[in-house]
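Working notes, beginning with the structure itself.
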Amino acid sequence: MAFDTVKVFLLPTEPVYSHIQKLKFQLREKIGNYFYWDYEPHISLIYLKVEPGHLEPLVQAVEKVLTGALPFDISLNKITAPGRGFIFVDVEKSLPLRVLTNSLHQAFKDYLLGEKPQHEDFEKYLRHHITIGNYIKGDNYDKAIKFLASASVPDAFECRRIVVYKEDPETRKNILLKEFAI
């Protein structure tokens with residue numbers, strides 16, 4: 001059975017969004033194309049593969065959680081390279097971010113338990129971070145680390161934008177289902 005892939009992302013506000021986007025483009029100029037270099041800067045909150053026919057109720061679940069939600073600040077730490085070709089901007093684990101993530105997870109879990117669709121990947125733990133690079137291998141990884149060692153990121157941004165995407169199964173590009181302002 002083919003599954004729909006649903007992603008709930010928190011998008012940084014300006015100037016953080018443009019700053020990280022610029023870093024990704026500069027890195028691409030240094031090392032060439034790498035996996036997901038063209039993905040917009042985001043913090044993943046939910047990644048779920050679910051059988052077709054459940055996208056709209058899941059979008060409604062996000063909307064219900066976000067009703068009345070207030071903006072909050074998200075502090076950024078340094079750029080980290082935990083190995084295996086990954087490079088992240090580390091995000092401070094704030095209480096408002098944990099509450100938002102937990103509330104969204106609970107809403108999805110409640111829906112999945114009630115409707116019982118086939119699904120995958122929901123319980124996978126997603127560490128809060130903003131990806132700069134994925135699966136960069138060998139010499140390119142070393143070049144990337146060296147280039148980004150002197151790069152800086154802003155200290156914080158205000159959480160105001162949440163998006164829900166469906167992933168195109170052919171291209172893996174994100175297709176916007178709905179954007180929410182909080």
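The values are calculated or read from the model by the stated rules, or taken from the named source; none is laboratory data. All figures in this text were calculated on a predicted structure; none of them were measured in a lab. No Cβ is skipped: glycine too gets one built from the backbone with ideal geometry, and neighbour counts run over all protein chains shown. Protein only, heavy atoms only, side chains kept; ligands, DNA and RNA dropped before computing areas. Shrake-Rupley method; radii C 1.70, N 1.55, O 1.52, S 1.80 Å.
Numbers at a glance
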| quantity | calculated |
| --- | --- |
| Test: residue in the stretch 120-138 that is in contact with a helix residue (DSSP H, G or I) (Cβ under 7 Å, 6 or more places away or on another chain) and open to solvent by 50 Å² or more (accessible area, probe 1.4 Å) | no |
| Some residue of the stretch 97-107 being open to solvent by 30 Å² or more (accessible area, probe 1.4 Å) and either in contact with a helix residue (DSSP H, G or I) (Cβ under 7 Å, 6 or more places away or on another chain) or farther than 17 Å from Phe9 by Cα (or both) | yes |
| Cβ-Cβ under 6 Å pairs, at least 6 apart or on other chains, the stretch 129-158 side at positive phi, far side in a loop (DSSP other than H, G, I, E, B) | Tyr135/Gly85 |
| Strands (runs of 3 or more DSSP E) wholly inside the stretch 110-170 containing at least 2 residues that are in contact with an Asp or Glu (Cβ under 7 Å, 6 or more places away or on another chain) | 156-159, 161-167 |
| One residue from Lys64, Lys7, Lys22 being open to solvent by less than 60 Å² (accessible area, probe 1.4 Å), farther than 14 Å from Ala156 by Cα and either out of contact with any helix residue (DSSP H, G or I) (no Cβ under 8 Å at 6 or more places or on another chain) or not polar (S, T, N, Q) (or both) | Lys7 |
| Residue tally, condition of a type in the set (A, V, I, L, M, F, W, C), open to solvent by 30 Å² or more (accessible area, probe 1.4 Å) and without any contact (Cβ under 8 Å) to a residue 60 or more places away in the chain, over the stretch 25-61 | 1 |
| Residue match in the stretch 126-137 (condition: at pLDDT below 90 and farther than 18 Å from Asn33 by Cα) | yes |
| Residues located in the stretch 83-107, provided they are assigned to a strand (DSSP E or B) and either closer than 18 Å to Pro41 by Cβ or of a type in the set (Phe, Trp, Tyr) (or both) | Phe86, Ile87, Phe88, Val89, Asp90, Val91 |
| Residue within the stretch 77-88 that is basic (Lys, Arg), farther than 27 Å from Glu29 by Cα and within 19 Å of the chain's Cα centre (by Cα) present | no |
